[in-house]
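Down below is the structure, laid out as structure tokens.
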Amino acid sequence: MAEDTPPVYEVLALRFGTHADRPARDNFLVDEGQFTPGSDMPMDFYLWVIRSDRHFLLVDTGFNGEMARRRGRTLFRDPVDALADLGVAAEDVSDVVITHMHYDHAGNLDRFPHARIHLQEDELRFCTGPAMRHHVVRKPFEPVNVKTAVQGLFEDQLVLHRGEAEIIPGVTVHPVPGHTPGTQVVRVPTARGWVVLASDATHLWANIRLRSPFPILDHLTPMLEGYERIEALADGDDHIIPGHDPQVALRFPALPGASDWVRLHEPALDSLEAAAAGAGAVR
């Protein structure tokens with residue numbers, strides 16, 4: 001490969017759990033007619049892998065069975081054990097990006113003993129600061145996850161970033177505050193162009209397309225401005241991968257031999273408009 005040739009990566013998503021009986025109205029801050037009254041709109045749980053023949057990067061770490069039971073979520077697979085599908089053990093993972101510290105993205109950190117954990121400094125400051133004295137703010141956080149992250153700071157495992165940073169060659173993180181002050185998205189060069197793992201900067205494709213945010217947020221205006229930032233980083237609508245949309249697992253081709261994983265570096269199987277129409281909840 002020539003030195004001036006940008007790297008390209010495979011990007012894989014694992015749908016490891018769901019919140020199936022979720023009312024559609026719970027996924028939008030304001031009802032502006034974006035869902036059918038009385039309808040459900042499930043919210044799924046994902047983690048992501050970015051890999052090449054030289055690099056392996058995990059994005060987010062999910063949650064475990066005990067957490068699923070406590071929060072009333074359905075866990076299809078242990079997300080860490082599922083890495084074995086890709087021939088990888090947690091002990092061998094060298095780098096993990098945590099998009100933000102909510103329970104469904106930052107669990108299981110203690111199972112990656114040799115990994116550098118990449119987090120925005122603003123996120124650590126937020127989840128260890130005075131905002132956590134408010135129950136409604138701290139509810140999506142788990143103390144054990146925060147404690148594990150802080151322990152990693154003392155053990156030189158936690159890598160704190162102040163803004164944009166390159167994690168592996170060509171793969172960058174970009175702060176998109178709004179959902180939390182330190183939420184970051186991951187931009188990846190692939191064979192089909194720039195893919196952005198948006199995580200909870202947009203839970204669903206409908207949130208960003210309709211400019212109607214998910215109701216758990218720290219600041220509204222940065223959340224809306226973040227949509228513009230994500231669109232500028234990605235090479236098209238279906239290059240933006242939302243954090244919880246069930247359509248992600250349906251719209252992209254499965255990985256041969258490991259059908260729980262889908263290939264986000266390949267073109268979608270259908271258009272975003274057709275997927276929205278098929279979902280039935282979004283007009």
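The values are calculated or read from the model by the stated rules, or taken from the named source; none is laboratory data. All values reported here derive from a predicted model rather than from experimental measurement. Don't worry about glycine lacking a Cβ; one is built from the backbone with ideal geometry, like all the others, and counts go over all protein chains shown. Calculation scope for accessible area: heavy atoms of the full protein, side chains included, ligands and nucleic acids excluded. Shrake-Rupley method; radii C 1.70, N 1.55, O 1.52, S 1.80 Å.
Couple of notes before you dig in:
- Comparing 158, 174, 131 along the charge dipole axis of segment 93-194, the residue lying farthest to the positive side is 131, per the Cβ-charge model.
- Cα-based values for segment 221-268, radius of gyration first and Dmax second, are 12.9, 43 Å.
- Accessible heavy-atom area order of 76, 112, highest first, probe of 1.4 Å: 76, 112
- Percent antiparallel among DSSP beta bridges (both partners in the chain, rounded to 5): 75 percent
- Across segment 101-230, Cα pairs under 8 Å and at least six residues apart give a relative contact order of 21 percent.
- The orientation-averaged projection of the convex hull spanning the C-alpha atoms of the chain amounts to 14.3 square nanometres.
- Rounded, prolate or oblate (a/c below 1.5 giving rounded, otherwise prolate when a/b exceeds b/c) for segment 123-206 by Cα gyration tensor: oblate
- Dipole of segment 1-103 [Lys/Arg +1, Asp/Glu -1 at C-beta], most positive-end residue of 100, 46, 68: 68
- When every Cα-Cα distance of segment 12-61 is counted in 10 angstrom steps from zero, the calculated P(r) takes the values 23, 32, 25, 16, 5 percent.
- Between segment 107-143 and segment 154-207, the Cα center-to-center distance that results, in Å: 16 Å
- Solvent exposure ordering (accessible area, 1.4 Å, most first) of 212, 52: 52, 212
- The region of the chain that goes longest without hitting one of the GluC sites (Glu not before Pro) in a DSSP loop, each with at most 15 other Cβ atoms within 10 Å, is 33-154.
- Histogram of C-alpha separations across segment 2-100, 5 Å bin width, %: 2, 11, 18, 17, 15, 13, 10, 7, 5, 2, 1, 0
- Between segment 228-242 and segment 72-90, the Cα center-to-center distance that results, in Å: 27 Å
- Contact order relative to length of the chain, as percent, for alpha carbon pairs under 8 angstrom and 6 or more apart: 20 percent
- Compactness of segment 139-278, taken as the C-alpha radius of gyration over 2.2 N^0.38 Å, stands at 1.12.
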